[in-house]
1. Suppose R0 equals 45 Å; then what is the FRET efficiency for A:A300 and A:D529 from their Cβ-Cβ distance, rounded to the nearest 0.05?
2. For region A:276-506, restrict the atom set to alpha-carbon positions and state the Rg and Dmax in Å.
3. Taking 0.36 nm per intervening residue step and subtracting the Cα-Cα distance, what contour gain separates B:L166 from B:V28 on full extension?
4. Fully extended, how many nm does the chain gain between A:T273 and A:N245 (0.36 nm per residue separation, minus their Cα-Cα distance)?
5. Can you pull out the chymotrypsin sites (Phe, Trp or Tyr not before Pro) in region B:1-92 that DSSP calls coil and that have at most 11 other Cβ atoms within 10 Å?
6. Could I have the simple spin-label model distance between A:D72 and A:D362, label points 7 Å from Cα toward Cβ, reported in nm to one decimal?
7. Taking the simple approach of a point 7 Å from Cα along Cα-to-Cβ for both B:M112 and A:D30, what is their distance in nm?
8. What residue among B:I131, B:I318, B:I252 has the largest mean-square fluctuation in a Gaussian network model of chain B, using Cα springs under 10 Å?
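What follows draws every value from the coordinates through simple rules; no lab data is involved. What you see is a predicted model, and the numbers here were worked out from it, not measured in a lab. Every residue, glycine among them, receives a Cβ derived from its backbone with ideal geometry; neighbour counts consider all protein chains shown.
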Amino acid sequence: MSSLLKIRGLKIDGRSDETWNPIIKGVDMDLKKGEVLGLIGESGAGKSTIGLAAMGYTRDGVRISEGTVEFDGIDLVTASAAVKRNLLGKRIAYVAQSAAASFNPAHKIIDQHTEAPVQHGVDNRANSAADGMELYRKLRLPNPDEIGFRYPHQVSGGQLQRAMTAMAMSCRPDLIIFDEPTTALDVTTQIEVLAAIREIVEEFDTAAIYITHDLAVVAQMADRIKVLLRGDEVEEADTRTMLSNPQEDYTKSLWAVRAFERPAKPAVNTGSTPVVSVNGITAAYGKTDVLHDVSFDIHAGRTVAVVGESGSGKSTTARCITGLLPPRIGDISFDGEVLPGNYKKRNKDQLRQAQMIYQMADTALNPRKTIGQIIGRPVQFYMGLTGAERRKRVNELLEQIELEPDTYFNRLPSELSGGQKQRIGIARALAAEPKFIICDEVTSALDQLVAEGILRLLGDLQDKLGLSYMFITHDLATVKAIADEVVVMKDGKVVEQGPKLDMFTPPHHAYTDLLLSSVPEMDPDWLTDLLQERGVDNIGDAAVGKM
Amino acid sequence: MSSLLRIVLQRLALGLVTLFVVSIVIFVAVNLLPGDFAEAILGQGATPESVASIRRDLGLDQPMFFRYIDWLKGMLTLDLGTSFAQLNFANFGGAGTTTIAEQIAPRLGNTMFLATVTAAIAVPLAVTLGILAALYRNTAFDKIANMFTLSSISSPEFFMAYVLILFLAVLNPIFPSLSNIFEGMPFSERLEKSMLPALTLTLVVTAHMMRMTRAAIINLLASPYIEMARLKGLSPMRVIVKHALPNALAPIINVIALNLAYLITGVVVVEVVFVYPGIGQLFVDSVKIRDIPVVQACCLIFAAAYILLNLTADIMSILSNPRLRHPK
């Protein structure tokens, strides 16, 4: 059988500072009709660039410098814009990472669905809309006949992602590029989307390139896996071989990350006063209560992981602890002393004791200040150090986060990698010499290897400085790796809490069980087995329940 | 929809407060002008007695605060008062007096007519040019369109006016160079006579609107949904008109409103060059003779036009946002 997509010697350049640098260094790829190829690698590996190049498309500041991308015998590198336009949307379709950003906010979902078929002359509007509803039904979207008439902002992320898969299917293409379609979703939602994608790709015998950084996800979706590293191919093999017998060291290191786990500390002495105590807080945005009677303790030198899906109240709890959102009922105490609800009424020492590290290091660091200024500011503000003393302290902090002080002191955040920026965020929190740090999804924007480095660093700092962490995350692998105790939240309530070991051993609360069983595993049969176990209908019900 | 209504009402209330503050500023500023009506009208023949007499007749000898309250009361009852010049002539046995409202109404009507004609040409022209410039960005077309509109906005209005007169009235007599329109003139003739000032104003306002349209669209071209539209194989024109433009409306509407306000309040020079009997001319004449009630009334109308147009722009930008039009 001849291949549908044949890429040979693909080299792609990216422009930075007026010069062209290679970002893809010669990649070959073959894809047969109906076959799913998984592209896996960390950020910067060039996965998305290759995915887009397979459509003959490059983003601004990127160009294909060499090689051929042959789709059904047509070389997309040399083809005219008109020839490519005729293929795109009709025979090759794209599913983007964030459906919320990739649907046009100004038009209804169904109008965007019918656009490609109508513009390509495949079908008329009415037929295509009817087909859209049929696809929505197949993808188990709730209210399939009605949901298309909403605007994108009126539909949840997981549902939008399925609607986008339906949109990609609208012309029944031969090839679909899935570019990290579930990365932005919660684990329970991710399962629904994965199942939907896999089913519909099988039903229409569509070939697909599935791009992701998540090994367990690609194991469920792909027939073959290709591993990329900095624009080069590392190795390629069929999924089962790749999982059971990876050849290259890099691939093995990717596989090994999941094994990282800190030993849990011994149980807390029941008589000791917790560092932070959340006492029955109920908090509201406007008139709606979003937290209901939340209570938990964080003891000295311990890590409490707060787990839950988006909208469960994890970050709101953090806002209450920091005093950004005064609770309506209940209070927060620190070392046994009740803190004022509003941060404006807390004194400098109370503020100093609790620091925060954010998810997006990119937006949490002032892009116009140097690293020295960013870390020096809290050193001066809280500790009153100036001049040479301040510089010395900043250097110490940089050493603590394993960055060489002289190299980084005068750099701007834009000159650092994602992991380095997150380290700066940690140093800034440490500058206040706090007892307690809130880590809000600090590793979710990072690659697994980098994330592991951050988790190790946080663990070492905890041992050295006796810090207590409240670790907000939706990723249960992270919880396994770092937590001593776990608090599971849902809809603003604590549904279960206790030591980590108890959490990960059955019996669980039903919701904890759902969360735990939804985390993809490396076993390629995991999704199939799980779907059978839960029964297909349950997935649809879960989606309706989330509306 | 109730949240939308609340926003609109809030803006409306804020507009009224602004108008009130502006009325104070106008009154104080106009009263700070050196010289007054009595001195201006009597000129060389001013004796202290005659000046005092005229001042007494017009109420200019009252403290400023009382005069402001009087004026504000009049404004609230839509009574713009009577021009000093008219009052004075009446005292000397002139013809029956006309109120300021009667004086301003036809002039304001003329200005609105000119603004409407200009807007009807300039807005579609600017938006179309902006879309095309965004579509063919960084090509010769884009550069020429930018250069042409920029040079026309950078030249003084009277210069552009004389250039147009030279080419469209003197060398090629297509349009009349004098725009002395009057009441009862048939529409077509009125339109023809207004054409040159309208074209001059078009040249002045197009650049701003066109550049904003272009910038607002280009700003969106890196969005994921634009990439998605391209990856659906849509034509570049459709990507811009159907996918970028609806999301770029808010800034474009704001710039359009600002320029429309300028068409009502900033056209003095063009009116003078073409002898167009608009409100700008009346305003300048009244300043010359310190006819304070007329100056104040004109200022207030200008301020109201600005506030009203910006209010409309605000509301329309809000309406262009589907998140507000269709809440969850």
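1. Taking R0 as 45 Å, the efficiency between A:A300 and A:D529 is 0.60.
2. Cα radius of gyration and Dmax of region A:276-506 are 17.5, 56 Å respectively.
3. Details: separation 138, 0.36 × 138 = 49.68 nm, distance 4.25 nm.
That pair, B:L166 and B:V28, stretches by 45.4 nm at full extension.
4. 5.1 nm
5. Values: sites: B:F20, B:F27, B:F37, B:F65, B:F66, B:Y68, B:W71, B:F84, B:F89, B:F92; in loops: B:F92.
Qualifying residues, ordered by number: B:F92.
6. The modelled label-to-label distance comes out at 3.5 nm.
7. 7.6 nm
8. For chain B, modelled as a Gaussian network with Cα springs under 10 Å, the answer is B:I318.
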